[in-house]
Amino acid sequence: MLKKEKKAKTPLSDEEQLLLFQQKLLAEEEMAKKKERLLSQFLKDKLAKEEHNSALNLNKINTQWRTVLREVKTRELLKDIEILSQTFERVVDCKDNVIKSLAKDLSEAEEQYARALRSHLHNVDQLLALQRRRLSLLEESYNLELEALTKEFETERKTIIDQHEKEIRYLQDIFMAMEQNYLDSEYESKLEFQSMWNDLKNVNLEEKHFLRLQLENIVEDLWRKFQDVLKNYTDATEDRKVAFETLQVKDEKSSKEIEVQMKKIQKLQDAITISKGKIMIHSRESEDENRYIRNDKELVLIQLRKLKAQRTRARAASQKNLVKLTLESNAALKALRKIVDKGEKILKLAEICRKFETEEEKVLPFYSSVLTPKEQEGIEENNLEELTEELAKVIGDYIGMENFWKRYNKVKLEQLSLQHRRAQLLDINGRLRGMLKQYLDGISVSDEVLSQLNPLFIVNHRSNLPQPSSTPTAHPGDKQHPTT
C-alpha cells in the first residue's frame, strides 16, 4: 500500500497523461458501443415479442368478434324466421290474389287488343272499299269524258273532211274554168295567127305582083324555074293542102262547138257565181256555227281541265292521306315495338333485380306507409290544394305506378341509409386505424417512430420531446450522457 501511494503521488509526465486520457476515451467509446448493441438487441427482441403478441391478440379479437357477430346474426335470423313464418300464409294469399288479378288483366288486355285489331282491320277495309268506289267513279267519269271527246273529235273530223271535199270540188271547178279559159285563149291566138298569116300572104302577093311588075324581065328568066319549083312544091304540098282543108273544115266545126260551149260556160259561170254567193252565205253561217261550237268546245275544255285538276288534287290528297296513314301506322307500330321492348327490358331487369332481393322483400314487396292517418290526410289535403286539373289528369293516368314508386322509394331510402352507414363505418374505421397505429407506434421502434415525438421512447434517462426554454445550470461534477 505504501508503494502504491508513493507511485500515485509521483507526478506524471504530459505524455503519460495524454496516453491515459486516450485510454479512458477508448474505454468509454467501447462501453458506449457495447451499451448501444445491447440496447438495439433488447429493442429488436422486444419488437419481435410485441409483434407476436399483437398478432396473437388480433387473432383473439377476430375470433371473439366473429362469435359476437354469429350470435347477432343468429338472433336476426331467428327474428326473420319468425316474421317469415307469420307472414308466409298471408303472402301466399296475396300472391294468389295478385296472380288472379294479373290473369284477369291479361285476359282483358287480350280482349282489348283483339277488339282494337278488329276495329283497325274494319277501318282499313272501309278505307279500301271507299278508295275502290272513288276510283271506279273516277274511271267512269274518265270513260264518259273520253267518249264525249271521241264523239266530238269524230264530228269535227267529219266536218273538216266535208269542208275539205267541198274545197277540193271548188278547186276542181276553178281548174276546169281556168282550163277552159286557156282553151279560149288558145283559140283566139290561133285565129290571130291565121289572120296574121292571111295578112302576110296578101302582103307577099302584093310584093310579088309589084316585083313581078318591076322585075318582069328578070322573072321571065326565072319563071320557068319557079314554075318547076312551084310544080315540085305543089306536088310536095298537095297532101298538106288537103290536110289543111280538112283541118279548116274541122276548125269551123270546132268554132261552132266552141261558141256553143262558150254559151254553156257562160251559163255555168252564172251558176257558179250564184253558187259562190250561196257558198259565201253558208260559209258565214257555218263560221258563226263554228264560232259557237269553238266557244262551247273551249268551255268544255275549261270544265275538263277543272275536272282533271280536281281529280289530280283529289288523287294527291288521297295519296297524301294514304301516305300519312301509312306513316302514322308505321310510327305507331314502331312506338308499340319500342314500348314492348322497353317492357321486356324492364321485365328482364326485374328478373335480374329479383335475384338480389332479400327474403323480406320477396315476402313483402310493398311496404306500408309509416305515416299516421292524420299526417296522411294532411299531405293529401295539401296535394289537393296544389293540384290543377291537368296535373290531376296526369296523376290519374299514373295511378298504376304507385306500387312501383313505393318500391323505388324504398330502394332509394335503403341506398341512402347504406351510404350513411358506410360513411359512419368509414369514420369509425379511420378512428380505429389511427388508434391502432398510435398504439403500434408506441410499442414499436423504427426510423419513422424515432423521427416523430414519442413520450414513451426514453434512452439514458432522456426522451425525444423538446426541452423547455429555461435550461438549468450545469454543475462541475455532472456528466453529460450521450443520447442515441
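If the chain between GLU76 and ASP105 were fully stretched, how many nm would it gain, using 0.36 nm times the residue separation less the Cα-Cα distance? Working shown, then result.
Values: separation 29, 0.36 × 29 = 10.44 nm, distance 3.88 nm.
That works out to 6.6 nm of additional length.
Take GLN23 and ILE168, extend 7 Å from each Cα along the Cα→Cβ direction, and tell me the distance between the two endpoints in nm.
Calculated label separation equals 17.2 nm.
What fraction of the Cα pairs in region 119-272, stated in percent, has a spacing above 24 angstrom?
Details: 8352 of 11781 pairs.
Result: 71 percent of Cα pairs exceed 24 Å.
Probe 1.4 Å, all protein chains in place: accessible area of ARG354 in Å², nearest 10?
Roughly 90 Å² of ARG354 is accessible to a 1.4 Å probe.
For a quick size check, give me the Cα extents of region 26-170 along its three principal axes, largest first, whole Å.
In descending order, the Cα extents are 168, 68, 10 Å.
For ARG118 and LEU333 in the same chain, what is the full-extension length gain: residue separation times 0.36 nm, less their Cα-Cα distance, in nm?
Numbers: separation 215, 0.36 × 215 = 77.40 nm, distance 1.59 nm.
Extra length available between ARG118 and LEU333 comes to 75.8 nm.
Excluding same-chain residues fewer than 8 positions from LYS253, which lysines have a Cα within less than 16 Å of its Cα?
Correct list for LYS253: LYS190, LYS263.
On a straight-distance basis, which aspartates and glutamates could pair with LYS33 in a cross-link, Cα separation under 19 angstrom, same-chain partners fewer than 8 positions away excluded?
Answer for LYS33, where 19 Å is the Cα cut-off: ASP45, listed by chain and number.
So if I place +1 on the C-beta of Lys and Arg and -1 on the C-beta of Asp and Glu, and nothing else carries charge, what would the dipole magnitude of region 245-356 be about its Cα centre? I want it in debye, nearest 20.
Working: 28 positive and 16 negative charges, 366 e Å.
Taking the Cα centre of region 245-356 as origin, the dipole is about 1760 debye.
Can you tell me which lysines have their Cα less than 25 Å from the Cα of LYS437? Leave out same-chain residues fewer than eight positions away.
LYS44, LYS46, LYS49, LYS60
If I model a spin label at GLU259 and CYS353 as a point 7 Å from the Cα along the Cα→Cβ vector, what separation in nanometres do I get?
It works out to 13.5 nm between the two label points.
Viscosity 1.567 mPa s, temperature 4 °C: what is the translational diffusion coefficient of region 138-184 from Stokes-Einstein with a Kirkwood Rh over Cα pairs, rounded to a whole number of µm²/s? Write down the numbers at each step before the final one.
Values: Rh = 13.4 Å.
This corresponds to a translational diffusion coefficient of 97 µm²/s.
Give the residue from SER283, ILE339, MET262 lying farthest towards the positive end of the charge dipole for region 245-356; charges sit on Cβ (+1 for Lys and Arg, -1 for Asp and Glu) and the dipole is referred to the Cα centre.
ILE339
Grab the alpha carbons of region 245-356, take their convex hull, and tell me the volume per residue in Å³.
Taking only Cα atoms, region 245-356 has a hull volume of 133 Å³ per residue.
For an R0 of 51 angstrom, estimate the FRET efficiency from the Cβ-Cβ distance between LYS49 and ASN403 and round to the nearest 0.05. Present the calculation step by step, with values, prior to reporting the outcome.
Details: r = 63 Å, r/R0 = 1.24.
Using R0 = 51 Å, I get an efficiency of 0.20.
For each pair in LYS231/LYS256; LYS338/LYS406; LYS104/LYS338; LYS225/LYS256; LYS374/LYS412, compute the distance between the two Cα atoms and list the pairs where it is over 31 Å.
The pairs that break the limit, which is 31 Å between Cα atoms, are LYS231/LYS256; LYS225/LYS256.
Run the quick spin-label model on LYS410 and GLU15: label points 7 Å from Cα toward the beta carbon, then report their separation in nm to one decimal.
10.4
Given 0.36 nm per residue, what is the gain on full extension from MET435 to GLU139 after removing their alpha carbon distance, in nm? Walk me through the numbers on the way to the answer.
On the way: separation 296, 0.36 × 296 = 106.56 nm, distance 9.95 nm.
Gain in length upon complete extension: 96.6 nm.
How much of the accessible area of region 245-356, probe 1.4 Å, is carbon plus sulfur, in whole percent? Please report the intermediate quantities before stating the final value.
Details: 6150 of 10050 Å².
Roughly 61 percent, rounded to a whole number.
The values are calculated or read from the model by the stated rules, or taken from the named source; none is laboratory data. Computed from a predicted model, the values in this text were never measured in an experiment. Note: ideal-geometry Cβ built from the backbone for every residue, glycine included; neighbour counts use all protein chains shown. Just so you know, the surface numbers come from the protein's heavy atoms only, side chains and all, with ligands and any DNA or RNA stripped out. Shrake-Rupley method; radii C 1.70, N 1.55, O 1.52, S 1.80 Å.
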